[in-house]
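The values are calculated or read from the model by the stated rules, or taken from the named source; none is laboratory data. Since the model is a prediction, treat every value here as computed from it, not as a measurement. In case anyone asks, the SASA skips ligands and DNA or RNA and just uses the protein heavy atoms, side chains included. Shrake-Rupley method; radii C 1.70, N 1.55, O 1.52, S 1.80 Å.
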Amino acid sequence: MNQTALNLVAIGIFTMTMSTLLSPLLNFSPAIPAIATFSILGLATLDSFQWQGKFGTLCLDWLARFSPAHRDRVLRHEAGHFLVAQQLQIPVVGYTLNAWQAFRQGQAGLGGVQFDTQELEAELQQGKLSSQLLERYCTVWMAGIAAEQLAYGNSEGGADDRQKFRETLTKLRIPAAELPQRERLSILRAKDLLKNHQSAYDALVVALQENQSIEQCYSAIQDQS
């Protein structure tokens, strides 16, 4: 069961526990929290096996969007990916800032910045990847985490980024023991790029917040260069 489904299960259990405790005070039937809980658990199971977690992702993301702090963190995370990709000459082909936008575009997950990965995929299919290209993509994948750490001192997002990072290096038969160190180095490289282009990054955050086009986002960066 994926993490989103597990979150729904946790919500269901919490709902049943609190409703059971409060039902004597609120004077409603104990059957009501039980029905609500089983409904949530049923949706979690259906979502996990039939909808690949999309329903739960949309629900949880919808709830999170009420938090200004969450929206700001997402903006800064995705701006980190975008700016570092631009600096390392990896084309950005699109972006979404929440699961609903991603769903409307036919994408799975919570959305984010999409890159042109044709060069990467072509080399991976051959079972090899130049060290320079690998370093560029690893830095871009870790740039969202780097941006959060610079802004907040920690990172809450980036699970998908870490998974992509580790899956790619594993395909290249890089020992698992080396992955944490490579991840830290990639985050440090991303932080250096972000700090060296702080004004461009700040302008990009505003452009993303206004849902500007890819071309306008590039212009916002270049205007600060």
Exercise. Is there a residue being within 19 Å of the chain's Cα centre (by Cα), open to solvent by 70 Å² or more (accessible area, probe 1.4 Å) and not aromatic (F, W, Y) anywhere in the stretch 169-180?
Worked result: no
For this session: Output yes when any residue across the stretch 207-225 is more than 22 Å from the chain's Cα centre (by Cα), assigned to a loop (DSSP other than H, G, I, E, B) and at pLDDT below 95, and no when none is.
Result: yes
